[in-house]
Every structure is written in C-alpha cells, then in structure tokens.
Amino acid sequence: MQAFEQVSLYGLILVERRAVTFAKQDPALAHAIFLREALARCDIDGRADFVRANARVLDDAREIEAQQRREGLLKSDEDLAGFFAGKLPEEIASSAALDAWCKRASAAERAALRWSLRDVLEPGAHGDTGAFPEAMEVGNQRLAFDYRFIPGDEADGVTLRVPLPLLNAVPAARCEWLVPGLLQDKVAALIRSLPKAQRRNFVPAPEFARAFIEAEAPRDEPLATMLATFLKRITGIDVDAAAFDADALSPHLKMRFDLRDERGHSLAQGRDLAALRERFGSRAREAFSHHADAAVTREDVRDWDFDSIPDATRARDGMAAYPALVDLGEVVALRVFENADEAMAVHRAGVERLLRIALAAEFKRAQKQLPLKPKLAVAFAPHGRADTLREDIVEGAFADVLREQELNVRDRTAWNALRDAVSRALFGAAMERLKLAEPMLAALAELQPWMRPTIKGQAKASYADLASQIDALLAPGFLRELPRTRLEHLPRYLKAMRLRAEKLRSDPARDHARMQQVLPYWRAVLDARASGDDSEALDLLRWLVEEWRVSVFAQELKTAEPVSGKRMAQALSAIKQ
C-alpha cells in the first residue's frame with residue numbers, strides 16, 4: 001500500500017509528493033484500509049485461496065440480490081472488513097504480506113477467513129430458496145433460469161434458456177407466471193393495470209396479489225384468466241381477463257427467452273414467445289424431430305452417469321439417429337444427430353468437456369505444482385501474468401495428451417480408462433511443454449531490447465513488420481494452442497528476429513529490400529485470415545512464411561525444411577484456389 005508524503009521546513013515545502021510505504025507510517029490504519037478495500041471487496045491479486053473462495057460467495061450473494069431485485073442485501077464494506085478483524089496480524093497490509101502469512105498459518109486459521117452467505121448478507125436476506133428456482137421443468141428437461149437486476153437493461157428480470165428443439169414445447173401460459181419470487185409483484189401490477197372503475201374494487205393491490213399466490217399454484221393456464229376467476233370468486237365482481245393490460249407491465253415482469261442452438265450459442269432473445277416461434281418454429285420442429293424424438297437425449301450432464309451411448313439408434317419415426325455428447329461450455333448434453341460424421345466430431349468435443357469437468361482438481365494441481373522459474377515469468381510479463389502462463393502451459397499439455405487418446409468412448413469402462421489415462425499423463429505433459437517454453441522465453445528476452453530503433457522514426461516499416469511478426473507468433477494463448485511440433489521452432493524464429501534486428505540497425509536499406517521478398521506472402525496470410533479462411537493450405541503457408549523469414553534474414557540459422565521462392569509461390573497459389 002503506497003501513500004504520498006509532503007516534507008516541509010518552517011512552512012517551506014521541500015518535497016511535495018514522495019511515495020512511501022503507508023504501512024510504515026501508520027500500520028494500524030494501513031491494516032484497516034487493507035481489510036476494507038482489498039479483503040472486503042475481494043479486490044486483491046494474491047495467492048490466498050480464501051480470497052478466491054470469498055469472491056465466489058460474494059458473486060452468489062449478488063445473484064441473490066438480482067433474484068430478489070433488492071439493493072442493500074449485502075453487508076457494507078465496513079461490516080465485511082469487520083469479519084477479518086482480529087483474525088490477521090495487524091502488520092498485514094499488502095498481498096505479499098498476506099501470502100507470506102498464509103504459508104505459515106494453520107489450516108484452522110485459514111479456514112476462519114472464509115465467508116459463508118450468512119457472513120456477507122444482511123439478516124433475513126436469504127429469503128425463500130424456492131422463490132427463485134434454478135430451472136423450469138419442460139417434459140423431462142430442465143431449462144435454466146438466469147436472473148439480472150439491471151433496471152433499463154434489455155436482460156433485466158428472469159430469462160429462460162430455451163434449446164431450439166424445445167422452443168415449441170415451452171408452456172407459454174406457464175411462463176406468464178414467471179417464478180414465485182416475482183409473481184406477487186406481477187399480479188399486483190396486473191391489478192393496477194385495470195381500468196379505474198374496476199381497479200378501485202381491489203385495493204390495496206398487493207394484498208389481493210398476496211392472497212392470489214397463496215391460493216393458486218403456478219400452472220399451464222393463462223395468468224390473467226386465473227386472476228380474473230380468483231377475483232370474481234372472492235369479491236363477486238366480474239372481471240374480464242382481457243381488461244388486464246399486460247403491455248403496461250414493466251419489462252422485468254415478463255419472462256424473457258434466450259433461444260439457444262445445439263451448441264449453446266444464442267440465436268435470439270426476447271419477451272415475445274409467439275414472435276420467436278413464428279421466426280424459428282419450423283427450425284425448432286425439425287430439430288425436435290431429429291433430436292428429442294430419440295429416447296437417449298439428456299441435458300445438463302456433468303458426469304458419465306450412464307452405462308453406454310450407442311453409436312446409432314432409431315427415432316420413433318424409424319430414422320437413424322446418432323447420439324453424441326455436446327459441449328455446452330460448463331456442462332454437456334446428450335443429443336442425437338442425423339449425420340454420423342457430425343455426431344462423431346461433436347462427441348469428441350463433448351468428451352473433452354466432460355474430461356475438463358472430471359479433472360478440474362488435477363488441472364489446478366498441475367498449475368500450482370508447475371516449477372515456473374521467476375525469470376520465465378518476467379520474460380512472459382509483456383504477454384500476461386505468471387498465472388496465465390501456468391494455465392496456458394497446462395491447457396496446452398491437456399491438448400497434447402488428448403492427441404494421443406481415442407476420444408470416441410461410448411461406455412463407462414472406456415470412459416474410466418480414458419479419464420485415468422489423461423489424469424496420469426497431464427502433469428508430465430505440462431513439464432514437457434514447460435521445457436519447450438523455457439528456451440522460447442529466453443530467446444524472447446534477448447529479442448526485446450532490439451525491438452526499438454536507436455533513432456526515433458528510423459526504419460518504421462521494418463520495425464512495424466517485426467512487431468507484426470511477434471504479435472502473430474506470440475498471440476494470446478499461443479502456449480496452449482500451438483502444438484509441440486510448432487513450439488519447438490519458436491526459439492529459432494525469435495533468434496532469427498534478433499539477428500535481423502541487429503543487422504537492421506546498421507543497414508536499414510538492405511533490410512527494407514529483403515522485407516519486400518516476404519511481405520507479399522505475409523499479407524496474403526493476414527488477408528486470408530481476415531476473410532475467415534482456416535484451411536490446411538493457409539496453415540502451411542503461414543508457417544512457410546516463418547521459414548522464409550529465416551532464410552531471408554538469418555540464413556546462418558538454417559531452415560527446418562526446404563524453402564524457396566518457387567515453393568512460396570506454390571503455397572500462395574494453393575490458398576487462392
């Protein structure tokens with residue numbers, strides 16, 4: 001924690017703003033500020049596991065605020081800071097000091113720093129757990145709800161995530177009832193929307209609304225019809241269901257729908273279910289016949305809790321259907337496809353996602369145990385934090401391991417064997433990838449000082465080309481995305497760049513002439529990528545350009561494969577065909 005001090009002598013300011021460590025000036029106040037500004041807000045970049053756990057609790061508490069549409073359910077920063085009072089030594093006022101203490105602290109001392117929802121919410125803020133359910137049952141499927149409390153925002157209120165095949169199966173009348181936690185507000189608003197002559201018979205509206213939700217359970221019948229019937233029953237006054245002005249309701253009192261395709265991508269959103277059905281109804285019916293008609297389909301799959309998945313099955317109409325696990329991001333689904341090749345590709349991705357879920361602890365352990373040298377983290381700093389480096393290496397290792405495995409597993413025995421094999425191999429593969437990263441990052445550190453001209457503005461085109469090259473080579477996630485066969489060559493490419501940069505300072509004109517031999521191919525790569533081309537021909541040209549650069553600018557390093565102007569022209573022609 002830093003502060004500024006002012007030094008004066010008899011009113012004469014000697015030093016106006018000098019940065020000092022505030023904890024040395026006022027340890028008690030620095031500790032209090034650290035508790036309030038860092039720990040209470042979980043706004044700290046450190047390794048303490050309790051901070052990450054508390055951040056998740058804080059997110060859950062904010063979700064409860066969104067569900068109940070009430071601000072102020074969270075305790076104040078001062079109250080949250082008070083939770084930590086006396087549990088940490090008073091000299092702790094920085095993330096470094098906290099991390100050091102955590103290494104020495106006992107498990108009980110660290111556990112005492114973890115929040116529960118009760119610790120961060122005001123008394124009574126939990127509410128009825130059934131008032132805001134996580135999902136709606138549609139047939140044998142559970143469709144997830146999302147809650148937002150952002151008045152004026154398009155997504156304010158409750159959103160039902162609807163898979164395309166189930167669009168026509170969603171009970172429209174049931175959706176008018178929203179969720180129990182919002183129903184009373186909606187009913188009261190409907191009563192207030194009546195013409196004044198009728199509205200005055202049902203005052204106060206919230207009391208009639210409360211009586212209605214106590215008497216009537218949500219069902220697949222129009223809410224306005226049921227409300228009109230209820231009001232007639234308890235008052236004897238006739239009410240036409242059409243008299244309720246649903247259009248006058250606030251948007252958050254209408255169900256919002258997020259229509260998702262088979263891969264979980266959003267197709268459309270809106271609060272008018274009829275309009276969505278008019279637009280996507282035929283596609284939804286087709287998808288339902290292809291997918292939901294097979295008995296094997298399931299949603300929200302988080303573990304291999306079935307005996308087997310057949311390669312093929314028959315829908316009720318007799319058509320062949322090909323079951324596959326589908327990656328939906330945080331979970332997978334078991335769905336059917338009409339094309340066997342598509343099902344195979346999708347299934348492999350679904351198995352990969354299920355592996356990620358099953359091996360989440362192994363991923364974290366591998367990242368934590370990876371022996372990352374400080375100088376590597378320093379060299380990687382321009383491209384990300386040390387935690388990012390660890391994560392990228394382990395992710396890349398996971399991809400390396402999967403390349404050696406058969407992912408088309410279809411039964412529990414094969415799944416268990418695959419999961420165990422990947423678990424055993426993950427850390428070793430991460431170590432191998434780390435060995436590849438070390439010389440690459442070392443070469444990067446040697447290159448960095450040469451990436452700027454000695455004279456401002458000198459050889460701008462050449463330095464811009466170098467910058468473009470390094471941005472492409474070290475694009476975000478390169479350590480996780482590039483296969484090992486490509487990573488092996490990165491140190492040589494970076495060394496070639498350094499040799500080029502050294503020569504550039506002494507002879508810019510010669511470098512510019514040589515650059516003209518490379519730019520046509522490099523620009524062709526960039527243009528093809530911008531157009532969405534991801535062909536094997538483009539990938540071949542992309543890496544031939546790197547070898548061509550070595551040949552042109554640093555021939556003494558030698559290329560990994562034969563490269564010439566003729567071969568470059570052939571590779572360029574291949575992507576234009």
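Structure above, values below:
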item: Subset of segment 44-89 that is of a type in the set (Val, Ile, Thr) and under 30 Å from residue 158 (Cβ atoms) - its residue that is modelled with the lowest pLDDT; result: 64
item: Tally of residues being modelled with pLDDT under 85 and polar (S, T, N, Q) across segment 300-320; result: 1
item: Which numbered condition residue 558 misses (of (1) within 20 Å of residue 487 (Cα to Cα); (2) surrounded by 13 or more Cβ atoms within 10 Å (Cβ to Cβ)); result: (2)
item: Single residue of 228, 246 found to be of a type outside the set (Lys, Arg), within 18 Å of residue 158 (Cα to Cα) and either surrounded by fewer than 16 Cβ atoms within 10 Å (Cβ to Cβ) or more than 27 Å from the chain's Cα centre (by Cα) (or both); result: 246
item: Leading residue by the ranking (nearest to the chain's Cα centre (by Cα)) among those in segment 495-518 that are under 23 Å from residue 567 (Cα atoms) and of a type in the set (A, V, I, L, M, F, W, C); result: 497
item: Some residue of segment 211-230 being assigned to a helix (DSSP H, G or I), out of contact with any strand residue (DSSP E or B) (no Cβ under 7 Å at 6 or more places or on another chain) and of a type in the set (Lys, Arg); result: no
item: Qualifying residue in segment 181-190 (condition: under 30 Å from residue 334 (Cβ atoms) and touching a helix residue (DSSP H, G or I) at 6+ places or on another chain (Cβ under 9 Å)); result: no
item: Residue 502, sole failed condition from (1) buried (at least 16 other Cβ atoms within 10 Å of the Cβ); (2) touching a Phe, Trp or Tyr at 6+ places or on another chain (Cβ under 7 Å); result: (1)
item: Tally, over segment 276-299, of residues that are modelled with pLDDT of 65 or more and not charged (D, E, K, R); result: 8
item: Pairs where the first residue, in segment 241-260, is under 15 Å from residue 182 (Cα atoms) and in contact (Cβ under 8 Å) with a residue 24 or more places away in the chain and the second is surrounded by fewer than 17 Cβ atoms within 10 Å (Cβ to Cβ) and among the aromatic types (Phe, Trp, Tyr), C-beta under 7 Å, 6+ apart; result: none
item: Selected residue (criterion: surrounded by the fewest Cβ atoms within 10 Å (Cβ to Cβ)) from residues of segment 367-401 that are on the phi < 0 side of the Ramachandran plot and outside any helix (DSSP H, G or I); result: 371
item: Filtered residues of segment 90-125 (kept if at pLDDT below 85 and in contact with a His (Cβ under 9 Å, 6 or more places away or on another chain)); result: 93, 117, 118
item: Residues of segment 321-352 classified as at pLDDT below 70 and touching a helix residue (DSSP H, G or I) at 6+ places or on another chain (Cβ under 8 Å), total; result: 3
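Residue-wise test of (1) assigned to a helix (DSSP H, G or I); (2) outside the structural domain of residue 481 (by TED's automatic domain parsing); (3) crowded, with 20+ Cβ neighbours inside 10 Å.
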{"site": "406", "(1), (2), (3)": "no, no, no"}
{"site": "420", "(1), (2), (3)": "yes, no, no"}
{"site": "438", "(1), (2), (3)": "yes, no, no"}
{"site": "441", "(1), (2), (3)": "yes, no, yes"}
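The values are calculated or read from the model by the stated rules, or taken from the named source; none is laboratory data. Values in this document were obtained by computation on a predicted structure and should not be read as measured data. Neighbour counts run over all protein chains shown; Cβ positions are idealised from the backbone, glycine included.
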